[in-house]
Amino acid sequence: MADLAQSHCVPCRSSEPALNEAASAELLKAVPGWTLVEREGVPRLERRYAFGNFLEALDFTNRVGREAQHEDHHPALLTEWGAVTVSWWTHNIGGLHRNDFIMAARTDAVALSASV
């Protein structure tokens with residue numbers, strides 16, 4: 001499988017089907033540490049990152065936000081003292097797309113560069 005962190009998101013039309021469970025489970029292998037969760041009936045990728053204080057968490061949030069803006073694919077980010085929870089899913093298809101796994105891998109790359 002190609003390195004997801006080096007891939008770019010592609011435009012996703014609302015008529016595209018969301019990934020099925022088997023495809024999601026296969027892509028999940030490429031992003032260790034992420035889990036598949038369901039929130040409000042929508043499958044999502046989610047991971048919690050720990051930090052030493054709020055400013056480190058906020059810096060990480062902003063760095064992930066810049067990656068998201070660059071790829072035009074945006075997560076839910078919960079920033080707390082010492083932690084950030086990141087959730088990826090594709091809103092217009094109401095589920096998971098390969099783009100979500102690309103952005104999960106890119107989020108991990110941001111975390112590695114921040115020495116999480």
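The values are calculated or read from the model by the stated rules, or taken from the named source; none is laboratory data. What you see is a predicted model; the values in this text were computed from it and never measured. Methodologically, a virtual Cβ is constructed for each residue, glycine included, from the backbone with ideal geometry; neighbour enumeration extends over all protein chains shown. Side chains are part of the model used for accessible areas, which takes the heavy atoms of the whole protein and leaves out ligands, DNA and RNA. Shrake-Rupley method; radii C 1.70, N 1.55, O 1.52, S 1.80 Å.
Details
- In this calculation the C-beta distance from Glu16 to Leu36 is compared with R0 = 25 Å, giving a FRET efficiency of 0.85.
- Where trypsin sites (Lys or Arg not before Pro) in DSSP loops with at most 10 other Cβ within 10 Å are excluded, longest remaining stretch of the chain: 30-116
- Accessible surface of segment 14-103 [probe 1.4 Å, protein heavy atoms]: carbon and sulfur percent: 52
- Placing Asp59, Asp108 in order of accessible area, with the largest value first and a 1.4 Å probe, yields Asp59, Asp108.
- At an R0 of 25 angstrom, the distance between the Cβ atoms of Asn53 and Ala76 translates into a FRET efficiency of 0.70.
- The alpha carbon centroids of segment 63-112 and segment 1-59 are separated by 7 Å.
- Accessible area of the chain divided out per residue, in Å², using a probe of 1.4 angstrom: 56
- Order of exposure, largest accessible area first, which applies to Leu55, Leu78 with probe 1.4 Å: Leu55, Leu78
- Label of the coordinate-derived value, Kirkwood radius over Cα pairs in Å, listed as (1) 14.3; (2) 16.8; (3) 14.6: (1)
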